[in-house]
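None of the figures in this text is laboratory data; all of them are computed from the coordinates on show. Note that the structure is a prediction, hence the values are computed from the model and not measured. Cβ: placed from backbone, ideal geometry, glycine included. Neighbour counts: every protein chain shown.
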Amino acid sequence: MAAVGSGGSTAAAGPGAVSAGTLEPGTASAGNVKHLVLFLHEAVLVQYVDTLKLAVPSLIYTLQNNLQYVAISNLPAATFQVTYQLKILTTALFSVFMLNRSLSRLQWASLLLLFTGVAIVQAQQAGGGGPRPPDQNPGAGLAAVVASCLSSGFAGVYFEKILKGSSGSVWLRNLQLGLFGTALGLVGLWWAEGTAVARRGFFFGYTPAVWGVVLNQAFGGLLVAVVVKYADNILKGFATSLSIVLSTVASIRLFGFHVDLLFTLGAGLVIGAVYLYSLPRGAAKAIASASASASGPCTHQQPPGQPPPPQLSSHRGDLSTEPFLPKLLTKVKGS
């Protein structure tokens, strides 16, 4: 699990507790290794109840990663990339139910557009979609990617709720996630391939391509933190759209993927939905105003002798008056 921001808070105070800033990159020198060990002992072992809260999302993230491999093994890369955007829908729904977050009308419309686009792509896949390897099972792939999207949405919102309800920093939470994830992954490996690993060794079958996937996953996780810290939702939406296009082009080049009108329509709807969902509220209101003005002007006459109505403040930094403002924008403003 990659970090999703930069944490500057400190862990809960206790005997031997050390500031979270001790573990900022470049500060763990030989002189403070002892403080580092004391802090980890306090934050991870002494406060074990706090650590155990991360077992649930860690288990879900481990399951999600394995489901993604099942999905990509049974679906073309372009189809998987488009369908996997359903995680935006599941994350939004879980955030509404678990965090009481409000969505604008444009966001709800974009989610409906997203679902429609994914449904069209899956209809194209079910109808043939060109030649595919005989060992692929589109039904199993679709089930795996839907389960992965559900687990991604729930785990992401649950993790956000833990972050907002405690004083632990983001890097500490990711460390705790990594501990549980590693343990759960090793248990799963022993259960499924224990005999083969004992006979052939842990790194048997690690070809350069496998190492490339491992490094790409690790780099992608770190890149998420950079994007969240220095970019905004619009740039993230463009990056998602670009990834769909690149996946499609690579699938055509490497696997002979067939692009027809249905896939183009569905992928286009998904790309448009991602962009609309990422718009900040100001841009969304501008689009809504343009749509309203296109349907017909509406004027309001102020009665004589009455004071003019109060003007709404244009200040966008107050979240209490901006319930639909994407949280990433406020993160960038505060950084």
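Hey, any idea what the orientation-averaged projected area of the convex hull of segment 30-78's Cα atoms comes to, in nm²?
On the way: hull surface 23.0 nm².
Taking a quarter of the hull surface, the average projection is 5.7 nm².
Which order, highest average first, do 139-152, 75-88, 207-220, 41-54 follow once you tally other Cβ atoms within 10 Å for each residue and take the mean per peptide?
75-88, 139-152, 41-54, 207-220
Applying 0.36 nm per residue to the separation of Arg253 and Leu112 and subtracting their alpha-carbon distance, the gain on full extension is 47.6 nm.
Using R₀ = 35 Å, calculate the FRET efficiency as 1/(1 + (r/R₀)^6) where r is the Cβ-Cβ separation of Leu36 and Leu99; round to 0.05.
0.60
A viscosity of 1.002 mPa s and a temperature of 20 °C, combined with the Kirkwood radius over C-alpha pairs in the Stokes-Einstein formula, give segment 177-249 a diffusion coefficient of 140 µm²/s.
Were the residues from Leu59 through Ser243 laid out at 0.36 nm apart, the gain over their Cα-Cα distance would be 63.5 nm.
3J(HN,Hα) couplings calculated from phi for segment 194-208 with the Karplus curve 6.51 cos²θ - 1.76 cosθ + 1.60 (θ = phi - 60°) are, in sequence order, x, 5, 5, 5, 5, 7, 9, x, 5, 9, 5, x, 7, 7, x Hz; Gly and Pro show x.
Considering only the other residues whose Cβ falls under 11 Å of the Cβ of Gln176, what net charge follows from Lys and Arg at +1 and Asp and Glu at -1? Around Gln176, the surrounding residues sum to +1. All Cα-Cα separations within segment 138-205 were binned at 5 Å from zero, giving a P(r) of 3, 13, 13, 15, 17, 16, 13, 7, 2, 0, each value a whole percent of the pairs. Shape class of segment 51-160 from the Cα gyration tensor (axes a ≥ b ≥ c, square roots of the eigenvalues): oblate, since a/c reaches 1.5 or more and a/b does not exceed b/c. Can you grab the distance from the C-alpha centre of segment 252-267 to the C-alpha centre of segment 89-168, Å, no decimals? With segment 252-267 and segment 89-168 each reduced to a Cα centre, they are spaced 21 Å.
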